[in-house]
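Have a look at the structure below, then the notes.
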Amino acid sequence: MNKLNTLFSDKKKLLSIYFTAGFPELNSTAKILNELDNAGVDMIEIGIPFSDPLADGPVIQDSSERAIANGMNVSFLFEQLKNVNTKAPLILMGYFNSVMQFGVEKFCKQSKSVGVSGLIIPDLPIEVYLKEYKHVFQKYDLKNIFLISPQTSNERIKLIDKHSDAFIYAVSSSSTTGTKNGVNADKEKYFSRIKKMNLKNPVMIGFGISEKQSFNKACNYASGAIIGTAFIQSLKTKTHVTEFIKTIR
């Protein structure tokens, strides 16, 4: 069974951590993965660095630029992941251009071979996925995780829910990653709307979740939350992974 389905079957207040592969050093990836796993993180998202990450704020953009400068690319990332075995499900997150350049089926096959459970590709529309790529993802037992935002209509959310089989990534705002305003009243209204829809898939909340208070607030409305920018910032300041996780829960 895919690790993602097992994860969501018996646990709440899930903590997912995002970081950029190849940052701060080219060979940091495996070390960070093992440290996050040992710290008890429930799910780990590995960002594939991209030259023009439109959805990302300055901290993640900078980490992506530095990772590329370090020499990180898709092929090298797969080589690094060959020697990693985590309890936590691994998710690759990146832009579709990187996947297409590598070859969609080849990318999926390699992902499966190194133990990846799912993919988050923000710029792959669900209509294109269903028509052209769903069969490839299913062939390699890879879950495709779609994003929704406050502007996503209920009709579209239901469409995404219908064709999802892991979790739905609820972006807390329409801005880029790294927003500092935590979970305010407008976001709580949006989270409440999603919760009342009684979707068949669990929901994880991301963007703007950076510390214990915003994490706990998000967990009132969803199965858990995703932290990226704050963790990458901690890597810059050389905070130990375990110490960072302790500040969240």
Notebook entry, point to check: Wholly within region 28-116, which helices (runs of 4 or more DSSP H) include no fewer than the required count, namely at least 1 residues that are surrounded by fewer than 18 Cβ atoms within 10 Å (Cβ to Cβ) and charged (D, E, K, R)?
Noted result: 29-38, 58-70, 74-81, 104-113
Notebook entry, point to check: Taking LYS143, is it at pLDDT 95 or above, of a type in the set (Lys, Arg), closer than 23 Å to ALA218 by Cβ and buried (at least 16 other Cβ atoms within 10 Å of the Cβ)?
Noted result: yes
Next item on the list: State whether one or more residues within region 163-173 are free of Cβ contacts under 8 Å to residues at least 12 places away in the same chain and surrounded by fewer than 19 Cβ atoms within 10 Å (Cβ to Cβ).
Entry: no
Item checked: region 5-17 - residue that is surrounded by fewer than 22 Cβ atoms within 10 Å (Cβ to Cβ) and out of contact with any Phe, Trp or Tyr (no Cβ under 7 Å at 6 or more places or on another chain) and, of those, modelled with the highest pLDDT -> LEU14
Notebook entry, point to check: Which residues, taken from region 207-221, are in contact (Cβ under 8 Å) with a residue 40 or more places away in the chain and buried (at least 23 other Cβ atoms within 10 Å of the Cβ)?
Noted result: PHE215, ALA218
Check: Among LYS200, LYS195, LYS189, which is the only one that is more than 19 Å from the chain's Cα centre (by Cα) and either of a type in the set (Gly, Ala, Ser) or assigned to a loop (DSSP other than H, G, I, E, B) (or both)?
Finding: LYS200
Next item on the list: Tell me which residues, restricted to region 9-36, are more than 17 Å from ILE60 (Cβ to Cβ) and within 15 Å of the chain's Cα centre (by Cα).
Entry: LEU14, LEU15, LEU33
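Output yes when any residue across region 116-139 is touching a Gly at 6+ places or on another chain (Cβ under 7 Å) and at pLDDT 95 or above, and no when none is.
First pass over region 116-139, keeping only residues touching a Gly at 6+ places or on another chain (Cβ under 7 Å): 121.
Restricting the remaining residues to those that are at pLDDT 95 or above gives 121.
Within region 116-139 (the criterion being touching a Gly at 6+ places or on another chain (Cβ under 7 Å) and at pLDDT 95 or above), the answer is yes, since at least one residue qualifies.
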Checklist line | Qualifying position, being buried (at least 18 other Cβ atoms within 10 Å of the Cβ) and closer than 18 Å to SER153 by Cα, among ILE227, ILE245, ILE232, ILE194 | finding: ILE194
Next item on the list: Looking only at region 95-108, decide whether some residue is within 25 Å of PRO24 (Cβ to Cβ), touching a Phe, Trp or Tyr at 6+ places or on another chain (Cβ under 7 Å) and of a type in the set (Ser, Thr, Tyr).
Entry: yes
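In region 140-153, is there at least one residue being in a helix (DSSP H, G or I) and free of Cβ contacts under 8 Å to residues at least 40 places away in the same chain? Steps first, please.
Residues of region 140-153 in a helix (DSSP H, G or I): none.
No; the residues of region 140-153 include none that is in a helix (DSSP H, G or I) and free of Cβ contacts under 8 Å to residues at least 40 places away in the same chain.
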Note to self: Just to check your reading of the model, which residue among ILE32, ILE44 is touching a Leu at 6+ places or on another chain (Cβ under 6 Å), modelled with pLDDT of 95 or more and closer than 24 Å to PHE215 by Cα?
What the structure shows: ILE44
Margin query: Against the definition (in a helix (DSSP H, G or I) and within 25 Å of THR20 (Cα to Cα)), how does GLU243 come out, yes or no?
Written below: yes
Check: Checking VAL128 against (1) of a type in the set (Val, Ile, Thr); (2) over 27 Å from GLU155 (Cβ atoms); (3) without any contact (Cβ under 8 Å) to a residue 24 or more places away in the chain, which single condition isn't satisfied?
Finding: (2)
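The values are calculated or read from the model by the stated rules, or taken from the named source; none is laboratory data. Because the structure is predicted, anything quoted here is derived from the model rather than measured. Here the Cβ is made from the backbone with ideal geometry for all residues, glycine too, and neighbour counts use every protein chain on show.
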